[in-house]
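The values are calculated or read from the model by the stated rules, or taken from the named source; none is laboratory data. Bear in mind the structure is a predicted one, so any value in this text is a computation, not a measurement. With ideal geometry, Cβ positions are generated from the backbone for all residues, glycine too; neighbour counts draw on all protein chains shown. All accessible areas refer to the heavy atoms of the entire protein, side chains included, with ligands and DNA or RNA removed. Shrake-Rupley method; radii C 1.70, N 1.55, O 1.52, S 1.80 Å.
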Amino acid sequence: MTAGILAYGAYIPRLRLQRQAIATANTWFNPALKGLAKGERAICNWDEDTVTMAVEAARDCLTGIDRKSVRGLQFASTSFPFRDRLNAGIVAEALDIASHVAALDVTASQRAATSALLNALIGGGPTLLIASEKRRAKTASPYEMTNGDGAAAVLVGEGPAIARLVGSASRTADFVDHYRTDDQPFDYQWEERWIRDEGYMKLVPPVIAEALSRAGLQASDITHFIMPGTLPRIAGTIAKAAGLPETSVRDNLQAQLGETGVAHPLMLLGHTLEQAKTGDRILVVGFGQGADAIILEATAELAKLPARAGVKGHLARRKEETSYNRYLAINDLVEIERGMRSEVDKQTPLSSLWRNRALLTSFLGGECTKCGTIQIPKSNICVNPNCNAMHSQVPHAFADKAGRINSFTADRLTFSPSPPACYGMVQFDGGGRMMLDFTDVDAEALEVGQTMRMMFRIKDHDTQRGFTRYFWKAAPAPTSSKES
């Protein structure tokens, strides 16, 4: 049986930086930015990175699916927080599937995600492919305007596929349109016209033609054409050169999201699957040191997929950010005075991290086998005063449980990269409660009894040793399709 796509998911940060705010701050230096000052781009909060976004995209993708069925996990990005640590392993631990999956990081090219997708479609057990990107850009550069942060995921395997593979082709070429070395924080970009004429136009159309030939299709048979790229009108230009229908070209979501790098082919694929009909043929292109072309056909199983937030839902979950200075601060693009309260040694004993990973990363509590009491954290003694059984608890997952605020504080004395620091006691549905940090909240909107959901986030950074510590935080649960 040929492998296909079984499910999809996405995650887009809540904050949307208005491009006009970037232009207003920087057109004194680069007046050309005025031409890019329309719309908004998604930006991570201070406690988000490629790993946290990948976890959320994976959770969205695996809606209604037994996570224990996943046999492999591939994580694609060019902006991993760790260069020598398995980033995919952190995601697997957070999803509580680390003990039985083969995990792999895929990187060093903008087509890392499409190449990994092709590899997964060859066959094998169910593979969760996640692509996530949080790219830094120089202040007052066009890429600061056009980049966006986000993650997307697909589950690939044999079975009732929502989209099946009908043809593909790849070409590798050491065409350098941009690069970044170990000691460079930002990409070095080359001239756009040359990239378009010598790169996209000469590398992509032949690969599309080969994929169509292998699939036994004509260019006119393509319903949806996905071609990520920040160059103006590049998707339409490629479509015309390849003979694809003009109506097949998908919106690149530049106005609402920005270009999410490695994640963008999967992001646009998820957005397309939200609207596709049975029999629609989808052509996905990944460009970077060559090109991948993947042709998929939507099946009747797509309509049976359980509801999820997806790209559409996350685009609707938004809050406008008009402070360019705040964006610079939370992305460490400007050095600000953080005060004495920030000068706490945040060393993480790696032995303690390993011993407590069930709670810290997988967010597992305990359930008493004697009386059924649920608690977090798990302990050697049941917290039920009528039980107090010893060593009676089995692991109980809390990450997907809803909770309600029992009490809360908005603290402006405690150091926070984005004050005030909001935290409080959360009572979980079904039992168990815990004091937790809050994220993606507006302090003035917090209420006792408010429903919260758990999200995997950055706890803090150890700037002395370059280590990022993660934990789960409470965020307001969605109450409508639109948040402002």
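Miscellaneous remarks
- Failed item, numbered, when Asp197 is tested on (1) in contact (Cβ under 8 Å) with a residue 24 or more places away in the chain; (2) surrounded by fewer than 17 Cβ atoms within 10 Å (Cβ to Cβ): (1)
- Pairs, first farther than 13 Å from Glu144 by Cβ in segment 35-50, second aromatic (Phe, Trp, Tyr), C-beta under 7 Å, six or more apart: Thr50/Phe80
- Within segment 353-410, the residues that satisfy the criterion of being of a type in the set (Phe, Trp, Tyr) and either assigned by TED's automatic domain parsing to the domain that holds Leu436 or buried (at least 16 other Cβ atoms within 10 Å of the Cβ) (or both) are Phe363, Phe398, Phe408.
- With respect to the conditions (1) assigned to a loop (DSSP other than H, G, I, E, B); (2) at pLDDT 95 or above; (3) out of contact with any helix residue (DSSP H, G or I) (no Cβ under 9 Å at 6 or more places or on another chain), Ser362 falls short on a single one, namely (3).
- Among (1) under 30 Å from Ala300 (Cβ atoms); (2) open to solvent by 20 Å² or more (accessible area, probe 1.4 Å); (3) hydrophobic (A, V, I, L, M, F, W, C); (4) at pLDDT 95 or above, the one test that Met1 misses: (4)
- Those strands (runs of 3 or more DSSP E) of segment 236-338 in which 1 or more residues are β-branched (Val, Ile, Thr) and either at pLDDT 95 or above or open to solvent by 30 Å² or more (accessible area, probe 1.4 Å) (or both) occupy 281-287, 290-298.
- Considering (1) part of a strand (DSSP E or B); (2) surrounded by 15 or more Cβ atoms within 10 Å (Cβ to Cβ); (3) touching a residue at least 24 places away in the same chain (Cβ under 8 Å), the lone condition that Val441 does not fulfil carries the number (1).
For (1) outside the structural domain of Leu36 (by TED's automatic domain parsing); (2) touching a residue at least 24 places away in the same chain (Cβ under 8 Å); (3) closer than 26 Å to Gly39 by Cβ; (4) not charged (D, E, K, R), each residue gets a yes or a no:
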position	(1), (2), (3), (4)
Gly229	no, yes, yes, yes
Pro232	no, no, yes, yes
Ala235	no, no, yes, yes
His264	no, yes, yes, yes
Leu273	no, yes, yes, yes
Val284	no, yes, yes, yes
Gly290	no, yes, no, yes
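- Unique match (being part of a strand (DSSP E or B), touching a strand residue (DSSP E or B) at 6+ places or on another chain (Cβ under 9 Å) and open to solvent by less than 80 Å² (accessible area, probe 1.4 Å)) among Phe225, Phe175: Phe225
- Val156 being open to solvent by less than 70 Å² (accessible area, probe 1.4 Å), more than 27 Å from Trp46 (Cβ to Cβ), of a type outside the set (D, E, K, R) and not in a loop (DSSP other than H, G, I, E, B): yes
- Flag if Ser213 is among the hydroxyl-bearing types (Ser, Thr, Tyr), in the same structural domain as Asn147 (by TED's automatic domain parsing) and touching a helix residue (DSSP H, G or I) at 6+ places or on another chain (Cβ under 7 Å): no
- For Met435: the one exception among (1) surrounded by 14 or more Cβ atoms within 10 Å (Cβ to Cβ); (2) assigned to a strand (DSSP E or B): (1)
- Residue list for segment 411-432, filter: closer than 19 Å to Lys459 by Cβ, open to solvent by 30 Å² or more (accessible area, probe 1.4 Å) and in contact with a strand residue (DSSP E or B) (Cβ under 6 Å, 6 or more places away or on another chain): Thr414, Tyr423, Met425
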